[in-house]
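**Q** What follows is a structure written as structure tokens; I'll ask about it next.
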Amino acid sequence: MATLTAPCPHSASDEQLLACFAAGHRQALDELFRRYRQPAYRVAYRLLGHEADALDAVQEGFIKALTHLHSFQGRSSFKTWLLRVVSNAALDLGRQRHRRDAVSLDASPHKDLPDARLLTADETGRQLERDDLRRQLDRALDCLSEVQRQTFVLFADGGLSYREIAEVMHTSVGTVMSRLFYARRKLRNYLNERGSL
């Protein structure tokens, strides 16, 4: 297998990278985690509502994924499997830390935005509106049950299909559709009541 002796290209598929890792190429796993660290962070952040906790959950999820890589059997995509591990780590961490009530502005995942002094008044106003909407959405997510929140986050922030979410949550596609329907309705009602929509 001469093809596995050379380093795996960054453009390789997930399956090819897993094969490279199995052949001893550590950088293949690094590339897989690099590919999915942003969706993993978005999922963990939406489930926990706090940057430091989300980073902890992603780290814990990646460690669990690495130590349990042998249990990945390829029945789903690597992304689906990894996001399941990360979302479960986030939910476990949320239970352990009793989910913080409010998101600190200093811990916002958007703290790298340009300094408000460099923005025009128009840009600053739009940025403040977006930040306010994000905070309201974070609070709205708290009104969902844990399974509705996880389903919604895997769909909206994880980018998973109904089928992939069903695999992650060990349920049917119909249940996923139902949970998403009720989650969207609750979120819409919450935001409507507060004049956000």
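**Q** Among the residues that make up the stretch 167-175, is at least one of them free of Cβ contacts under 8 Å to residues at least 40 places away in the same chain, under 19 Å from the mean Cα position of the chain (by Cα), buried (at least 20 other Cβ atoms within 10 Å of the Cβ) and assigned by TED's automatic domain parsing to the domain that holds residue 144?
**A** The answer is no; no qualifying residue exists.
For (1) basic (Lys, Arg); (2) surrounded by 20 or more Cβ atoms within 10 Å (Cβ to Cβ); (3) closer than 26 Å to residue 61 by Cβ, each residue gets a yes or a no:
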{"position": "135", "(1), (2), (3)": "yes, no, yes"}
{"position": "153", "(1), (2), (3)": "no, yes, yes"}
{"position": "161", "(1), (2), (3)": "no, no, yes"}
{"position": "182", "(1), (2), (3)": "no, no, no"}
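**Q** Give 93, 48, 29, 82 a once-over and let me know the one that is farther than 30 Å from residue 140 by Cβ and surrounded by 14 or more Cβ atoms within 10 Å (Cβ to Cβ).
**A** Only one candidate passes the filter, namely 29.
**Q** Residue 152 passes all but one of (1) modelled with pLDDT of 90 or more; (2) in contact with a Ser or Thr (Cβ under 9 Å, 6 or more places away or on another chain); (3) part of a helix (DSSP H, G or I); (4) of a type outside the set (S, T, N, Q); which number fails?
**A** Result: residue 152 fails condition (2) only.
**Q** Within the stretch 1-71, considering only helices (runs of 4 or more DSSP H) that don't extend past its boundaries, which have at least 1 residues that are at pLDDT 90 or above and aromatic (Phe, Trp, Tyr)?
**A** Once the helices (runs of 4 or more DSSP H) in the stretch 1-71 are filtered for at least 1 residues that are at pLDDT 90 or above and aromatic (Phe, Trp, Tyr), what remains is 26-48, 51-67.
**Q** Tell me which residues, restricted to the stretch 72-98, are free of Cβ contacts under 8 Å to residues at least 24 places away in the same chain and not in a helix (DSSP H, G or I).
**A** Hits for the stretch 72-98 are 73, 98.
The values are calculated or read from the model by the stated rules, or taken from the named source; none is laboratory data. Source: prediction; values computed, not measured. Positions of Cβ are backbone-derived with ideal geometry, glycine not excepted, and every protein chain shown enters the neighbour counts.
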